[in-house]
Amino acid sequence: MQSVRKVIFDAPEFIPNPVEFQHRDIELIIKPLDDVEAITEKRKPTFLIADVDYIVMLSREERNA
C-alpha cells in the first residue's frame, strides 16, 4: 500500500480520510508550513562551539593512569 503525502492549502475544518486507510492503524503528522522559518530563526542552538587552536589527545596509558 502506498503512503499518502498531501499538502493542503487553506485547510478545511475536517480532513477526509482515504477509504483504504479507514479502520487501520495509521500515523497522522500535521505541521503548519507557514511557521517553519519563524520557529527555526528564534530557536537558539542547543550546543556551544569552542574555538581552540589544537586538541591534545592522550595515549591509552596516560588516560588510564
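Summary of computed values
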| quantity | calculated |
| --- | --- |
| Accessible area, probe 1.4 Å, largest first, for residues L58, L48, L33, L28 | L48, L28, L33, L58 |
| Simple label model, 7 Å out from Cα along Cβ direction - Q2 to V52, nm | 5.2 |
| Estimated inter-spin distance, I30 and N64, nm [label 7 Å along Cα→Cβ] | 5.8 |
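The values are calculated or read from the model by the stated rules, or taken from the named source; none is laboratory data. Every value quoted in this text rests on a predicted model; they were computed, and no experiment measured them. We place every Cβ from the backbone using ideal geometry, glycine too, and count neighbours over all the protein chains shown. Note: areas computed on protein heavy atoms with side chains; ligands, DNA, RNA excluded. Shrake-Rupley method; radii C 1.70, N 1.55, O 1.52, S 1.80 Å.
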